[in-house]
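The values are calculated or read from the model by the stated rules, or taken from the named source; none is laboratory data. Keep in mind that what you see is a predicted model, and the values were worked out from it rather than measured. Every residue, glycine as well, gets a Cβ built from its backbone with ideal geometry; the counts of neighbours run over all protein chains shown. To get the accessible areas, we keep the full protein, side chains included, count just its heavy atoms, and leave off ligands, DNA and RNA. Shrake-Rupley method; radii C 1.70, N 1.55, O 1.52, S 1.80 Å.
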Amino acid sequence: MGAMLAKKELAQECAVAAKPAKDGEADEPFDCSKDEIETALSKESDTQKVPDGFATENKFGDSYRNYEDSARQAEVSRTYNTMHRKQTLEFVREQHAKWLKFDKGEFTIMEVVEMLDALIDDSDPDNDLPNSIHDFQTAERIREQWPGEEYDWFHLVGLLHDLGKVMALPKLAGDSLLEQWAVVGDTFCVGCAPAMDAIVFSESFKENPDYNHPVYGTQNGIYEPGCGISNLVMSWGHDEYMFQMLKANGCTIPEAGLNMIRFHSFYPWHDKRAYTHLESTEDAETMKWVKEFNKFDLYSKGDAIPDVEGVKPYYQALLKKYNIDGKLKW
């Protein structure tokens, strides 16, 4: 994909944690043992080192992703505990049948962005601003560090990545309105045992009907080892919905960008490195892009609020370029 973004990242312990390369130069080779890779990624995750150029604390003056005693602990813990009790394989299949018909109405991307003025994510310990603001924060940070036309699709991914949260808003969802536990938060795969050590508020899975299921409660569950992350059935939420919605509407963003949307909340995998027994060889490339996206998604929450009206024309042009301008089916 191209020259490595920053030379300092080349000094990381393992190339699996390095940034994706830009066109013209090869990615760093994977020259570490599996144990070394897991150690390096665990260290990176546990220390939560904030990349240079980002605010070192969230808007509450706290560390990022604090799920122990954050300023929003009550609503965050309630959302996750309900999610983990209720998100079963059967529930997810029901949502696929309900939402992947794309029969909830026709709206433009910018109309949906404006709807998200009314949504504050109850799973987020770092932010209590409307989600629409976060979308522009993410997009503008990506645009700053990945400038130019070659990767303008990456800028657009920043704007689009959370729009699936509209499933929790009555203006679009109507009678299919979902509570936030079925829309927001970190995702996990259903149909196999949850990775308890890698998922926040994991104790509540013990009240999930699938937890003691003879198949769904096992390590592999309904999957074959090495089947690939893209073949997993993910817990239902805004990631999977937005990925499928863009595909259904003929979006031409490259697959790497669509996968950023699909897996950006799959923290147990890309951050804690759970579910590696289900990975395929192609997933290493996907993970590098997802991790590159996630630093903007997470750490831009400490940024100033962008001039939304001033930057809208730029993103409207990108919507046209990638075939998702005008009314889309939701």
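Residues are listed down the side, and each one gets a yes or a no for (1) within 23 Å of Glu140 (Cα to Cα); (2) open to solvent by 20 Å² or more (accessible area, probe 1.4 Å); (3) more than 16 Å from the chain's Cα centre (by Cα); (4) not charged (D, E, K, R):
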{"residue": "His213", "(1), (2), (3), (4)": "no, yes, yes, yes"}
{"residue": "Thr218", "(1), (2), (3), (4)": "no, yes, yes, yes"}
{"residue": "Glu224", "(1), (2), (3), (4)": "no, yes, yes, no"}
{"residue": "Gly228", "(1), (2), (3), (4)": "no, no, yes, yes"}
{"residue": "His238", "(1), (2), (3), (4)": "yes, no, no, yes"}
{"residue": "Thr276", "(1), (2), (3), (4)": "no, yes, yes, yes"}
{"residue": "Ser300", "(1), (2), (3), (4)": "yes, no, no, yes"}
{"residue": "Lys321", "(1), (2), (3), (4)": "yes, yes, yes, no"}
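Within the range 88-117, the set of residues being open to solvent by 10 Å² or more (accessible area, probe 1.4 Å), touching a residue at least 24 places away in the same chain (Cβ under 8 Å) and farther than 22 Å from Met234 by Cα comprises Gly105, Glu106, Phe107, Thr108, Met110, Met115.
Residues in the range 130-187 that are within 19 Å of the chain's Cα centre (by Cα) and over 30 Å from Asp52 (Cβ atoms): Gly164, Val166, Met167, Ala168, Leu178, Glu179, Gln180, Trp181, Ala182, Val183. Could you please let me know if Leu100 is at pLDDT 90 or above and in contact with a Gly (Cβ under 6 Å, 6 or more places away or on another chain)? For Leu100, the condition - at pLDDT 90 or above and in contact with a Gly (Cβ under 6 Å, 6 or more places away or on another chain) - is not met. Summed over the range 65-74, residues that are surrounded by fewer than 19 Cβ atoms within 10 Å (Cβ to Cβ) and either part of a loop (DSSP other than H, G, I, E, B) or touching a helix residue (DSSP H, G or I) at 6+ places or on another chain (Cβ under 9 Å) (or both) total 6. In the range 191-202, the residues that are open to solvent by less than 30 Å² (accessible area, probe 1.4 Å) reach residues that are β-branched (Val, Ile, Thr) and part of a loop (DSSP other than H, G, I, E, B) with C-beta atoms within less than 7 angstrom, at least six apart or across chains, in these pairs: Gly191/Ile222; Cys192/Thr218; Cys192/Ile222; Ala193/Thr218.
Taking the range 118-132 on its own, how many of its residues are open to solvent by 30 Å² or more (accessible area, probe 1.4 Å), closer than 26 Å to Ser63 by Cβ and in contact (Cβ under 8 Å) with a residue 24 or more places away in the chain?
Looking only at the range 118-132, we keep the residues that are open to solvent by 30 Å² or more (accessible area, probe 1.4 Å), and these are 118, 120, 122, 128-130.
Cutting the leftovers down to closer than 26 Å to Ser63 by Cβ gives us 120, 122, 128-130.
Checking the rest, the ones that are also in contact (Cβ under 8 Å) with a residue 24 or more places away in the chain come to 122, 128-129.
So the count comes out to 3.
Selection over the range 240-274 of residues that are hydroxyl-bearing (Ser, Thr, Tyr), crowded, with 20+ Cβ neighbours inside 10 Å and farther than 21 Å from Ala97 by Cα gives a count of 2.
Here Thr281 does not fit the description of being open to solvent by less than 30 Å² (accessible area, probe 1.4 Å) and of a type in the set (Val, Ile, Thr).
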